[in-house]
Structures are given as structure tokens and as C-alpha cells.
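The structure appears below as C-alpha cells.
The values are calculated or read from the model by the stated rules, or taken from the named source; none is laboratory data. Bear in mind that the values here come from a model prediction, so they are computed numbers and not experimental data. Every residue, glycine as well, gets a Cβ built from its backbone with ideal geometry; the counts of neighbours run over all protein chains shown.
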Amino acid sequence: MERVFIFDTTLRDGEQIPGACLNPREKLEIALQLARLNVDAIEAGFPISSPGDFEAVKTIAKKVKGPVIVALARAVKTDIETAWKAIQDAHRPRLHVFLGTSDVHIQKKFGLDREKALERGLDALRFAKSLCPEVEYSTEDASRTDPDYLARVVEQVIKAGASVVNIPDTVGYAVPQQFGKLIADLKNRVPNIDKAVLSVHCHNDLGLATANTLAAVESGARQVECTMNGLGERAGNASLEEIVMALRTRKDFFHLEAGINTQEIMKTSRLVSRLMGIPVQANKAIVGANAFAHSSGIHQDGILKDRATYEIIRPEDLGITEHAMILTARSGRHALRNKVSKMGYDLSDKEFETVYEHFLSVADKKKQVYDEDIEILVQDVIFAHLSDTKLYTLESYKVNTGNGETPEARVRLHREDDIILEAVSEGSGPIDAIFKAVDKIVGVLHKLENFQVHAVTETKEAMGVATVWVSREGCRAMGRGSSTDILKASARAYVEAINRIAYFLEHPSERCSSAATSEGQATSA
Ligand SMILES: [Zn+2]
């Protein structure tokens, strides 16, 4: 069966979301998981955008085996040189050069005319080709480009050596029938079209990203650019899991296949959500918490008789394990070991002992421990090495609050040099009081930009996961904490975030890339 190549851009387009912030180690962790998912290409970043992103792409190029490693560059010499420096060690590097083709981009963004823009694009492409054997060319804003001009650009860039030509719906303007026809017309009109792989990159501004992508595939596009959980600029990108599962579930219609190891989908989705601090909406297709929940009585009855009545995808094909076995404090080491390895985690003995210790304390509080809880515990341990610093850790806290009283928090933090520091602060609520007490200890004020708490399971004793974004001196960072006590989860998240800010201010080169991108490096593609 013919293949569709899956080009994942979670680490580039996905990371351009406001608030998303990955350090180089976190980007590497996601890239390694994308390799296990078996994507064909990983767009690791936009190296010119910041020293941190350059480092991240370089590390991924060195360490991640399997997929093609791609770096993005504008049609500018310094961008291309920097991108090449970042990926040259990859087993199979690819430079991805982009330039607008719509009149609004050519005239308003660059002040050029069509011919001059084409010339600039071809010059950049030839330069990229002189460095890297594999070059992809993106015609930014293709869906709003004059089709005759677009066809000419595609023909010329293939002639100049582009092995992949990407047709992006940069602003999410396309509709499926029209976008499918655009791809079919290019297939028919461009004489040398068979010398390159035709690719698409669709944004979800009208909720049509997956539909447009599939329409393009039906018309002959053989590479799709997409992201895990549909993350990306504005309303996001076409979602990897939707495209892959649509092709697989409707093989009878598409007669195509993607080489994805679908059993890694759920794990990848959770990892990306966790490290980026962006929860997956409950009704998200394929990976949402409710994607396989059947609540109506008629449906439940049908599912019990035969799952095919209301289920088109088997949860286990995505790597979702059954909920059948809920663990308790009495389950013991062996049962937990079993569960953890069934979830696909390979822990060292030392890591497992730490998870077991945390498991006992959670089991003690909430009696029944679900898979989702265990996943959080496991991730807390295996991703501990990803945090930049442990300048401060939460030692203890105490809050006094009640109806008509001003909440007051007493917080104790442990500092790196083994000193315990304490402060008391009032606040508009208990969490605000805790955050203010932390600021008092650290001696600087932080601005709280966003704060979320969500429950991991639906029980009353659920584990809470808190995510906070704070900023100071133009630097922004995310922190995350989990506990059965949401005040503790929030305090841990806040401490982690301020630790990261302190670290970033001292190590500007490791600052997450999006901080730099938002300062005016216009990327789109
Ligand atoms: Zn994009």
C-alpha cells in the first residue's frame, strides 16, 4: 500500500503557542518519543529564533535516530546557515526554507513583486541545497496565492532541487473541496511534479485542518505536516492523531498507510501536554479523556454486547490500558511494577522505589489509585532530571482561611545551600497568600500570568495537577506540581516556575525558544 509521510512539527509550530515553553532537554525528550511513535520527519525548531532553540535542534539532530531531522529557515542566508549548523550532524538532515507567495505577503511583508520574490526564493533554495542534500520549500500562504503563480513557483523550486514542496494553508482559510482541487491541479499542471513529494500544512482557524489535509492526501499529497494534540499557532495545526487514525480506520476509502506506531499515540499526547503545560480538551478526537467514554444507556448496552456497535477505534490500538485493575495501598510492589511496565515505562530499580514510595502516600490518602494517577507519579520521577534547577523546594506550608477572614499563609522553603527560609503573607485567597509568601522569601515579585488546576481523575480524592505561568524582568516560565492537595500542588508549581525564571535569567542561552520568537521573529509557514 502507498505511504503517506508524517512530518511532525510539534516542536516548531506547536511550540509557537503563547505560553508554551520547552527547554532543550524537554524538546529532546519529546523528540525521542516522536521517534518511538515512528514519525517520518521531526521539525525540531527554528534555530535562528534563539540560542536555546539552536541548542535544542542541535541536540536532537545528534541524539535522535530514525526520523529525518528538519530545521526551519526564512529565505535569508543567515537563517539557512544557522539552521544548517544545527542539523548537520543528523543522520538525515533536511533544511526547510519558506517564503510567502500570496500578493499580500509579497507586497506588504517584503515590498517586492512576484518575479523578485521568486528570485529571492530560488537563491535561498540554491544556497540551502549547496549545504544540505535534502531541502524542503514552503510556499507560505499558498491557499491565498494566485494559482497560476503558485504552479510556476512549484515548478521552478523543483527544478532548483527541492525534494519536498510544501503547500501551506498558513492562515486556515481553505475549505476541503477547494484545497483538494488546488493540490490536484498542481499534480496535473506542473510538468516536473513527480520529481518531488507534495506536502501540505494546514491550520485550524475554521476547524478544517484535518479535513483539508485529508482532502489534499486524496488528491495526491504524500507528506502531511501536523502536530500532536493539534497544537500550533492560533487555533492550531492539523492533529497528527486524527490524520493517522482517519487513514487507518478508513483504509477502505483512502487505500494509504502511515508508518506510525499507533500504540505510542496516547503516551505521546500525554507527554506533550505535560511538558507544554497545555491540557487536552476532554472531547478532543482520539486523545481526549472522553473519546472512549460511553455515557448513554443505549450506547453502554450496545458496547457490552459488541464493542463494534458504537466504537470505531479500539482504545488499545492507541496504547490505552484497561481500567480494570485499580490499585490500593495493599496491592504491593509487584502489582505496581506490573502496571507501570504495562503502561510502557521502563524504570530503573531506584526510580521504581521512588514511585512506589509516592504511590503509598497517595494510596494512603485516596484509597483507590487509577492509571492516570500512576502515570503522573511515574512522570514526576522520570522527568525530574528535566527541571533546570532546584534552587528552592517546598518544605511546608500552612494556611489560615475562612468566611470573612483574610487568608494568611506561612510557607517554608528549602534553599539549595541547605537553609530553610520562612515567610508569612496575606492574600486575596489561600493560593494567592501562598504565592505572595514565596515571593517574600525569594525577595522579588513575580507576575502571575496564568494559573490552572485540573483533576487527574473524576473522584473526590482526585490528584490535582497545577500549572502556573509567571514572569519577571521580561522572562516567562511555566511550573507544574501535582498532589492530592491542590494547595500543595499549586505551591510546588509556583516554586518550580520561579526557579526556572531565576535559572533563565542567569542562563539566557537556555531560555525556551518561544520567549524569543514572540519578540518579533516572524515565523509562520
Ligand atoms: Zn504553521
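Comparison of Ile374, Ile434, Ile441 shows that the only residue that is closer than 29 Å to Ser331 by Cβ and in contact (Cβ under 8 Å) with a residue 24 or more places away in the chain is Ile374.
Ile260 meets all of the listed conditions (1) buried (at least 16 other Cβ atoms within 10 Å of the Cβ); (2) farther than 21 Å from Met343 by Cα; (3) over 13 Å from the mean Cα position of the chain (by Cα) but one, namely (2). Only one entry of Leu22, Leu28 meets the criterion of being away from the ligand (no atom under 16 Å from the Cβ) and not in a helix (DSSP H, G or I), and that entry is Leu22.
Taking the conditions exactly as written (under 24 Å from Asn450 (Cα atoms) and either acidic (Asp, Glu) or away from the ligand (no atom under 16 Å from the Cβ) (or both)), does Gly297 satisfy them or not? Spelling it out, it is not the case that Gly297 is under 24 Å from Asn450 (Cα atoms) and either acidic (Asp, Glu) or away from the ligand (no atom under 16 Å from the Cβ) (or both). Condition test on Ala289, is it closer than 21 Å to Gly344 by Cα, surrounded by 15 or more Cβ atoms within 10 Å (Cβ to Cβ) and among the small types (Gly, Ala, Ser)? In short, yes. Listed by position, the helices (runs of 4 or more DSSP H) contained in region 182-275 that have at least 1 residues being in contact (Cβ under 8 Å) with a residue 40 or more places away in the chain and within 16 Å of the ligand (Cβ to nearest atom) are 209-218, 240-249. Within region 411-434, the set of residues being in contact with a helix residue (DSSP H, G or I) (Cβ under 7 Å, 6 or more places away or on another chain) and under 24 Å from Val362 (Cα atoms) comprises Val411, Leu413, Pro430, Ile431, Ile434. The set of residues in region 41-72 being assigned to a helix (DSSP H, G or I) and within 14 Å of His91 (Cα to Cα) consists of Val57, Lys58, Thr59, Ile60, Ala61, Lys62, Lys63. If the condition is being more than 16 Å from the ligand (Cβ to nearest atom), in a loop (DSSP other than H, G, I, E, B) and within 20 Å of Ala238 (Cα to Cα), then region 1-18 contributes only Val4. Take the residues of region 434-472 that are over 17 Å from Glu496 (Cα atoms) and not in a strand (DSSP E or B): which is modelled with the highest pLDDT? The residue in question is Met463. Among the residues examined, His299 does not qualify as in contact (Cβ under 8 Å) with a residue 12 or more places away in the chain and either exposed (fewer than 15 other Cβ atoms within 10 Å of the Cβ) or closer than 23 Å to Ile382 by Cα (or both).
Inspect all residues belonging to region 86-98 and state whether any of them is within 16 Å of the ligand (Cβ to nearest atom), more than 27 Å from Ser269 (Cα to Cα), at pLDDT 95 or above and surrounded by 20 or more Cβ atoms within 10 Å (Cβ to Cβ). First the steps, then the outcome.
Step one: filter region 86-98 for residues within 16 Å of the ligand (Cβ to nearest atom), giving 96-98.
Filter again for more than 27 Å from Ser269 (Cα to Cα), leaving 97-98.
Restricting the remaining residues to those that are at pLDDT 95 or above gives 97-98.
From what is left, the residues that are surrounded by 20 or more Cβ atoms within 10 Å (Cβ to Cβ) are 97-98.
Scanning region 86-98 turns up at least one residue that is within 16 Å of the ligand (Cβ to nearest atom), more than 27 Å from Ser269 (Cα to Cα), at pLDDT 95 or above and surrounded by 20 or more Cβ atoms within 10 Å (Cβ to Cβ).
Assessment of region 339-353 against the conditions (surrounded by 13 or more Cβ atoms within 10 Å (Cβ to Cβ), among the aromatic types (Phe, Trp, Tyr) and either touching a strand residue (DSSP E or B) at 6+ places or on another chain (Cβ under 7 Å) or at pLDDT 85 or above (or both)) yields at least one matching residue. Just one of the listed residues (Tyr149, Tyr173) is within 27 Å of Ala238 (Cβ to Cβ), within 15 Å of the ligand (Cβ to nearest atom) and of a type in the set (Phe, Trp, Tyr), namely Tyr173. Checked across region 117-134, the condition of being in contact with a Lys or Arg (Cβ under 7 Å, 6 or more places away or on another chain) and either farther than 17 Å from Glu43 by Cβ or within 16 Å of the ligand (Cβ to nearest atom) (or both) holds for at least one residue. The residue pairs whose first member lies in region 80-100 and is within 22 Å of Pro168 (Cβ to Cβ), whose second member is among the hydroxyl-bearing types (Ser, Thr, Tyr), and whose beta carbons are closer than 6 Å, counting only pairs six or more residues apart or on different chains, are Val97/Tyr137; Phe98/Ser138.
Counting the residues of region 31-44 that are touching a residue at least 40 places away in the same chain (Cβ under 8 Å) and either within 15 Å of the ligand (Cβ to nearest atom) or on the phi < 0 side of the Ramachandran plot (or both) gives 9. When region 357-372 is filtered for residues that are surrounded by 17 or more Cβ atoms within 10 Å (Cβ to Cβ) and in a helix (DSSP H, G or I), the ones remaining, listed by number, are His358, Phe359, Val362, Ala363, Lys366, Asp371, Glu372. For the condition under 28 Å from the mean Cα position of the chain (by Cα), surrounded by 22 or more Cβ atoms within 10 Å (Cβ to Cβ) and closer than 29 Å to Ile87 by Cα, Val171 does not qualify. Beta carbons closer than 9 Å, at least 6 apart along the sequence or on distinct chains, never pair a first residue in region 1-29 that is on the phi > 0 side of the Ramachandran plot and among the aliphatic types (A, V, I, L, M) with a second that is part of a loop (DSSP other than H, G, I, E, B) and within 13 Å of the ligand (Cβ to nearest atom).
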